[in-house]
Structures are given as C-alpha cells and as structure tokens.
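The values are calculated or read from the model by the stated rules, or taken from the named source; none is laboratory data. Keep in mind that this is a model prediction, so the values were computed, not measured. Here Cβ is always computed from backbone atoms with ideal geometry, including for glycine, and neighbour counts include all displayed protein chains. All accessible areas refer to the heavy atoms of the entire protein, side chains included, with ligands and DNA or RNA removed. Shrake-Rupley method; radii C 1.70, N 1.55, O 1.52, S 1.80 Å.
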Amino acid sequence: MIYYKTQPEVELMRQSCLLVSKALAEVSKILKPGITTLHLDKIIGSFIKDNGAVPSFLHYRDYPFNSCISVNDTVVHGFPRESELKEGDIVSVDIGIYKNGFHGDHAYTFAVGDPGPKVAELIKITKEALYKGIEKAVSGNRIGDISFAIQEHTEKKHGYGVVRELVGHGLGKHLHEDPQVPNYGKRGAGPKMREGLVLAIEPMINMGVKEVYTEDDGWTVRTVDHQPSVHFEHDVCVRKNKADILSDYGIIEMAEKANPNLYSGY
Ligand code: MF3
Ligand code: CO
C-alpha cells in the first residue's frame, strides 16, 4: 500500500526531517577522537526530547537505542557503544524522529580525522550516488530508475559493492512504508512514482564485496570482508520536474567544515 501525502502533510514531514538534520548537525559539532558513540546517542536522545519529539528507532522491533551509529566495516544498524572513536574512523549516524504524526529518517557518514584517499573517495562517490538517485525521483519515473542510477555510479563506475539485503523505503506515518527502494536494479522497472510520494533513499556502499552479515545481537550489519562501508540517507518528496528534498545536508556540512576534527575535503 503506497500512501501519497497532501501538501500540508509534506510540510509536517519536512519539520520531522529537518529536526533529524538538526540533530545530525549537533553530532557534527561534537564529533572528535576519544568520544564514544554511546555518548553521541545520549546527546541525540536529549535533543529529540528537548524538541518535543520521539526517537523513531527506540523500541522499533525492540531496537534498544535512540540512533544507529555504524563505524568502519559496520554498514548500518550499529549499536552505540562504550568504545572511543579514533582518528581515521568513518561513522554513519542514522536518526529517526517522530513528530506531529510523521517520521523523519535520515543519515550522514562523517570521517573523524583523515580517512585516507581511498575511503574519502568511497564517501564522496556514495554521496554523489545519493543525489544521482534523487534526480530520478520525479513523477512518471519508476523506482528502478533511482536504483539503476545509484548502482551505475557506485558498482559499475567504481567497482564498489552495493548491499542487496537492505533498501530504502517509503516514509510517512510509518517508519517503513511501501515501496522498497533498492540501490540496485533495472531502469524502467518497479512501481511508477507520483507526486506526493515520500521516499527515504539510502545507498549503503561497500569498498569491497557486496556481501554482509548480521551479528548475534540481531542488528549490527557488517561487511564480510571487513572493509569499510558508507551510508547516506535523504528524505525526498516526488514532484514533477525535481524532487523536493525534505532533509537538509547544508547545516550538517556547515558544522562538518567548522569542526577541525572532521575531514571535509570531499
Ligand atoms: N534508516 C534505517 C532504516 O530505515 C534505520 C532503521 S533502524 C531501526 O531501516 F532500528 F529503526 F530499525
Ligand atoms: Co531509512
């Protein structure tokens, strides 16, 4: 069942999505070597509550934290931990926020210190692929057009591994709505998009092979070859000529550039 949103609903969703962006900007301000991801999760939880909202992930299918924080070879759904981040780590921070009846759900990958040229390139290309997917999120196109654009830029052009087991999704009153948005697929395949469809588009791209496994905790997804993986996620509303991006990387990137502990030379 696909739910199309009215314009007033989209404006409510924009508030939820922007609140996620603001939470990610807060993370961007304080990230540095020595900080623990559990500390970041606590800050995220307080920020969400202080803004009169609810963390979408907490208790979702018994997920036990406010956010997912995935370091290096962890692809997504990483548990916040007591261990300290170190120079050269890459960190995907994924936050969901429920407010005014709608969810926002998006993510950003940061590099704590210099990750080296190969990993910096993986981050840059994954973010580019996200925007290439978003370019295809216009009415009349099909979901496969988004999928194909992401796969082309990452797997075909750069030889990276595109994770198959996890996909983007519709977003709204529920955290996960139809349709699924794979990061691989055929041009012209899948459901046709209409105006008012809100999607969370989230490429998960591995430096090495595409294969992943889930740890015994039931959540943490890691690459089988233990090479790094990058995750970016935006929330967008399908429109006629150009998708309306409801989340905002601008404030996150500004904080990233202002923080000397983060690499931002992409
Ligand atoms: N952005 C992720 C997703 O859409 C986050 C979900 S984490 C969970 O699947 F805990 F809520 F499952
Ligand atoms: Co998501």
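Quick notes on this one:
- A 1.4 Å probe run over the chain, with the rest of the protein chains in place, finds 42 Å² accessible per residue.
- Overall dimensions of the range 48-182, expressed as equivalent-ellipsoid semi-axes from the Cα gyration tensor (√(5λ), whole Å, largest first), are 25, 23, 12.
- Positive minus negative residues near residue 179 (Lys, Arg vs Asp, Glu; Cβ under 11 Å): 0
- Beta bridge orientation in the chain: antiparallel %, DSSP, nearest 5: 95
- Simple Cβ-charge dipole of the chain, Lys/Arg +1 and Asp/Glu -1, about Cα centre, in debye nearest 20: 900
- At least 24 Å along the helix axis (C-alpha) and Kyte average at least -1.0, DSSP helices within the chain: 7-30, 117-135
- Note on residue 1 and residue 257: the extension gain reaches 88.1 nm, defined as 0.36 nm multiplied by sequence separation minus the Cα-Cα distance.
- Length gained when the stretch residue 86-residue 164 is fully extended (0.36 nm per residue, less Cα-Cα span): 25.2 nm
- Among 107, 129, 189, the largest mean-square fluctuation in a Gaussian network model of the chain (Cα springs under 10 Å) belongs to 189.
- Charge dipole (the range 7-258, unit charges on Cβ, about Cα centre) - positive-most of 69, 117, 234: 234
- Ignoring aspartates and glutamates fewer than eight residues from residue 240 along the same chain, the ones with Cα atoms less than 18 angstrom from its Cα are 9, 11, 135, 145, 195.
- Projecting the Cα atoms of 266, 180, 214 onto the charge dipole of the chain (Cβ charges, centred on the Cα centre) puts 180 farthest toward the positive pole.
- Taking the Cα centre of the range 1-56 as origin and assigning +1 to Lys and Arg Cβ atoms and -1 to Asp and Glu Cβ atoms, the resulting dipole is close to 160 debye.
- Largest mean-square fluctuation among 161, 140, 116, in a Gaussian network model of the chain whose springs join Cα atoms under 10 Å apart, belongs to 116.
- Lys, Arg +1 and Asp, Glu -1 on Cβ, resulting dipole of the range 45-129 about Cα centre, debye, nearest 20: 260
- Debye log10 I(q)/I(0) at q = 0.11, 0.12, 0.19 Å⁻¹ for the range 180-262, Cα point scatterers: -0.48, -0.57, -1.07
- Filter on 5/29; 22/257; 186/210; 186/257; 118/157 - keep pairs with C-alpha separation over 25 Å: 5/29; 186/257
- Selection from 255, 224, 191, by position along the positive dipole direction of the chain (Cβ): 191
- Cα-based equivalent ellipsoid, the chain: semi-axes from gyration tensor eigenvalues, Å: 26, 22, 17
- Among 206, 141, 183: highest mean-square fluctuation, GNM of the chain, C-alpha pairs under 10 Å: 141
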